[in-house]
1. To the nearest 20 debye, what charge dipole does the chain have about its Cα centre, counting +1 at the Cβ of each Lys and Arg and -1 at the Cβ of each Asp and Glu?
2. For ALA276 and THR156, calculate 0.36 nm times their separation in residues minus their Cα-Cα distance, and state this gained length in nm to one decimal.
3. If packing is taken as the average number of other Cβ atoms within 10 Å across a peptide's residues, how do 143-149, 345-351 rank, most packed first?
4. Between LEU319 and ARG117, how many nm apart are label points set 7 Å from Cα along the C-beta direction?
5. Taking the Cα atoms of the chain, report the difference between the largest and smallest coordinate on each principal axis, in whole Å and largest first.
6. Calculate the spin-label point distance for ALA330 paired with ALA106, positioning each point 7 Å from the Cα along the beta-carbon direction, and give it in nanometres.
7. Taking one equal scatterer on every alpha-carbon of the range 288-362, how large is log10 of I(q)/I(0) by Debye at q = 0.20, 0.21, 0.23, 0.25 1/Å?
8. If I take R0 = 25 Å and measure r between the Cβ atoms of MET149 and ALA176 in this structure, what FRET efficiency does the formula 1/(1 + (r/R0)^6) give, to the nearest 0.05?
Amino acid sequence: MPVLLTGATGFLGCRLLRELLAHGEDDVIVLGRGTPGELRHRVEAAVRWVDAPPLAPDALAAVHYVSGDLTRPDLGLGERERARLTDGLTALWHCAALLHMGSAPAALHHANVIGTRRVLELADEAPAARLLHVSTAYVAGRRPTGVVMEDDLLDTAGFEVPYEESKYTAERLVHAWARRAGRDATVFRPSLLVTDRPVPDGLPGQPADALLRPLERHLRNWTEGPSPVGALPGRPRGEAAHPASTLNVRVVGDPQGTLNMLQVDYAARAMVRAAARLRPAPGVRTLHVTHPRNVSLATAAAALAGRFPGLSMTMTERLTHPTPLERQIAQQVGHLLTYSAHRRTYDRTNLLAALDGLPDPPPVDHAYLSRAFGRPETLVAG
């Protein structure tokens, strides 16, 4: 029986597809932007590179590709095409989203809220299909402390960035849809997903790149010569370069803060395993796909040293008399550093019940983050 997946070209989505195929799905429809041929090329390159869990040699032959776009009316699908897609559909995995935290609110709302509404309209045409909606643990917004329960969905604390608000609003749409239609929906809320395996150019990178790449770009521009950041001279242009020097940068933040980070391969495995074990029932179930232990900001900052040797980063409550480089970094990634105020943890009761004995993920520690934040892979995927 067919299963439909949006977002299969993304960091998490390509792994969800591989897990679905490994769990025996033999008729998967991938809906995404581009021609079917372009979609196939991008998805197969990512799924093959992921390389686990093992797949049968002909597993990818079970995947069919359909051009669609969250930002277009009716997802860009004609009436006959929608009828073919929804005929006999048993599950609709909605993983596609605009993930850039620095994106304009209007673009985020269009892709993540209106796009979700369009997916729900498609689900209306597949009455036997379960909805499996991928959200984010960061719908908790600015709530800094306490335990965020899986059933919590509140906007009283506000949001750090428009991305969080767009995903919160999309979840509200899912709840309203399930109540109105009496349908079964599962919401997965992953935390910050990471991998310690270098991702080649051309394949979907991890969300942490939103911080790492702007930081690397500014440091490259600030240092002399074409040498990589790994050989930071530590001095502004025009001054003598000494490889042993240190570039001291202050950023506004709290080193006592924490983040929840989870290995992306574990997240995909947990979602597909949970979906297979949950018994369909009207209403919405929410599962926090999070790590049982948070990571301190101090640990994450220390791991950055592996990517930027010669860089010394200090967190301070206030940034007085910033250097030009510190101002540039604050403008580009300062909104991400607001997460240093967080101390909250996440309830995982529903997740653990659905996983039925799947062991907890290994630690996301300094050694793991040093690999995750390591120098980006320069090989081209192919």
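1. 520
2. In short, 39.8 nm is gained.
3. 345-351, 143-149
4. 3.7
5. 68, 46, 41
6. Result for the modelled spin labels: 2.9 nm.
7. -0.99, -1.05, -1.17, -1.28
8. 0.80
FYI, it's all coordinate maths here, none of it is from the lab. Nothing here was measured: the structure is a model prediction, and the numbers come from that model. When we count neighbours, we look across all protein chains shown, and the Cβ atoms used for this are built from the backbone with ideal geometry, even at glycine.
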